[in-house]
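Report on one structure; see the data block that follows.
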Amino acid sequence: MGSRRTSLFLILTSLCISILLSLTVGRARTVPDLVSDGIHYQSAEVGLPYLRLNVIPSFLASNSTCEETYGFLPCTATALGNLFLIIVYGYLMYFAATYLSNGSELLLEILGPGIVGGLFLPILGALPDAMLILVSGLSGTKKTAQSKVSVGMGLLAGSTVMLLTVIWGTCVIVGKCDLQGTVAIDGKDTKGFKLTESGVSIDIWTKYAARIMAVSVVPFIVVQLLQALHSTSGRHLAVLIALILSLLLLISYCLYQVFQPWIQKRRLAYVRDKRIVSGFLTHLKKRALGRLLTKDGKPNEVVLGRLFDAIDLDHDEHLSSSELRAFVIGMQLEEMRLGEGDIVEKVMKDFDTQPDSRITLEEFKNGIARWFAEISGSRPKSGGVIPDTMTYLTDFHEESERERELLGAEDDEADENSIENPKKTTIKAVLMLLLGTIIAAVFSDPLVDAVDNFSDATGIPTFFISFIVLPLATNSSEAVSAIIFSSRKKRRTASLTFSELYGAVTMNNVLCLSVFLALVYVRGLTWDFSAEVLVIVIVCIVMGALGSFQTGFPLWTSFIAFALYPISLVLVYVLDYVCGWS
């Protein structure tokens, strides 16, 4: 797994380096220096009488100087030298992100969801991005910070756009299965690349994650709208308001992540009870000689009395737990994925109103009537007459099964693997998290410096360098894991994959934005990122809408995702450098 992640990281990095090199060489060939006789006079400020041959291209050498980070890390003023440093420091940041990801997964296996899964792991996942954004605005004077902070904005926008476009679309293609309506059939991929008949499907929790992600762009919108204020103090206040709102959203999202497993269990328990009701009543109907209810919806006392006697094996006019257990054996429990104990417990809880751990005939009749009332309560009656009982039961059972699938319920498989040595594994997880955090903290600053120096040497804006290259370093581990996970071609793994992508973007939009806004506010920097904000908002809303209102992603949706990546780059360039938004 590690070698596959590293290989993909190197391939993607090489592709982006090729793009940057082509831009660099292209800019070098367009400078006026190349249209000359090959010699140049030194500047008059130097005051030297001799001629200098221009034998080294301008993109390979520079007369400017650089400052070593921490006083000992290497630096260079040339384009290729800084490109090399970006590769080295980027790989170290990728290494840090991998350690943080693997350590988080180990810790989650031991401690489970809740506070760990909901609070710490999302923050740790966004830590490399947050570190890079932080150092981009802390170093140097206010003027230097204003120049370097565009690296942080480029990373913030690039991470969000890459996850929701390139990675999102790749996961749809890799994980596609045959679609039956909007539901993907696990493991079946016979439709090839048919745009509407092949794709992936997700559970309802992934829809919620997409909606939360779409809401998380509100601070971007607020800070941008309030920039319309003409006074400097008003714009500064706008940044503070957006920062407070972003922090509130961060806290709310973490709390949701903490309590989401509990909410999911409650909803799954409710759906399980509905399946027990439909299964038990269907089993009664099959054993009954006649209708369980009369035409006016009241219990058919004759039929129910016969059923009661058939279940009451010792004929003591009471039903015990053991007698109910013997009755439910023939309920096709394997097909319904229910246990005998679950059904008996539910029946005793709802029917035994005394309670004395026994069910009388009267309690049995009243219990059956209440269950049928629950089933038919929200369904229309034709002419006041109850339709066929089996029709109601079949519809109710299919509805409960659909709800179960949407909620992402697991089959009764042994998914929980026992940890052989929890103490050793915990120590390993903590050490990996510490090492990843240290690497991210140490090499964030030199990476930002290398990007800034590369921009100075080539003339390429720092935003585009950080937009394209830096997300590969900080998000590659997460991206490769998502792609490999989605390749299992199951609805559950697809749901988890897209939930992780939406969750990562949400943390970018609240945690990383909070760090960025705090830098702008504390250091008194100018908010000058209208085009970048617009790109983030457009991509999040479009992709959030795709995931919020449907549980199936046909193959054609991947092409929308892919198209948004180049559109984002072109839009920023046009707005900043053609329309003059910057």
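The values are calculated or read from the model by the stated rules, or taken from the named source; none is laboratory data. This one's a predicted model, so the numbers in the text were calculated from it and none came from an experiment. Note: ideal-geometry Cβ built from the backbone for every residue, glycine included; neighbour counts use all protein chains shown. These accessible areas exclude ligands, DNA and RNA; they are computed on the full protein's heavy atoms, side chains included. Shrake-Rupley method; radii C 1.70, N 1.55, O 1.52, S 1.80 Å.
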- A373 to A441: extension gain in nm, 0.36 nm per residue of separation minus the Cα-Cα distance? 18.3 nm
- Quick one: if the Förster radius is 22 Å, what FRET efficiency do S322 and D356 give, using the C-beta to C-beta distance and rounding to 0.05? 0.90
- Query: Between L313 and A288, what is the spin-label point distance in nm, taking each point 7 Å from the Cα along the Cα→C-beta axis?
  - Reply: 2.3
- Message: Within the range 506-582, what whole-number % of the accessible surface is contributed by carbon and sulfur, with the 1.4 Å probe and all protein chains included in the calculation?
- Response: 73
- Query: In a solvent-free Debye calculation with one equal scatterer on each Cα, what is log10 I(q)/I(0) for the range 168-324 at q = 0.13, 0.14 Å⁻¹, listed in the order of the q values?
  - Reply: -0.91, -0.95
- Item | Phi-based couplings in Hz for the range 352-368 (Karplus 6.51, -1.76, 1.60; Gly and Pro marked x) | 7, 8, 5, x, 9, 6, 9, 10, 7, 4, 5, 5, 5, 5, 5, x, 4
- Note on the structure: Mean separation of Cα contacts under 8 Å (at least 6 apart) over the residue count of the range 494-582, i.e. the relative contact order in percent, is 34
- Query: Label-point separation (nm) for V183 and L225, each offset 7 Å from Cα along Cα-to-Cβ?
  - Reply: 4.1
- Message: How much length would be gained if the chain were fully extended between L248 and D273, taking 0.36 nm per residue of separation minus their Cα-Cα distance, in nm to one decimal?
- Response: 5.4 nm
- Message: I'd like the FRET efficiency for R211 and D296, computed as 1/(1 + (r/R0)^6) with the beta carbon distance as r and R0 of 45 Å, rounded to 0.05.
- Response: 0.55
- Message: As a test of reading the structure, rank I427, I343 by solvent-accessible area (1.4 Å probe, protein chains only), most first.
- Response: I427, I343
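Per the 1.4 Å probe, what fraction of the accessible area of the range 208-332, in percent, lies on carbon and sulfur atoms?
On the range 208-332, the fraction of accessible area on carbon and sulfur atoms equals 64 percent.
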- Task: Report the calculated FRET efficiency for N366 and F549 (r = Cβ-Cβ distance, R0 = 30 Å), to the nearest 0.05.
- Result: 0.10
- Express in Å², to the nearest 10, the accessible area of C75 obtained by rolling a 1.4 Å probe over the protein heavy atoms while all chains stay in place. 40
- Task: At 1.4 Å probe size, with every protein chain present, just tell me what the per residue accessible area of the range 479-582 comes to in Å².
- Result: 36
- Just grab the label-to-label distance for L73 and I241, each label 7 Å out from Cα along the Cβ direction, in nm (one decimal). 3.8
- Message: Just to verify a number: what accessible area does D452 come out at with the full protein assembly present, 1.4 Å probe, Å² rounded to tens?
- Response: 20
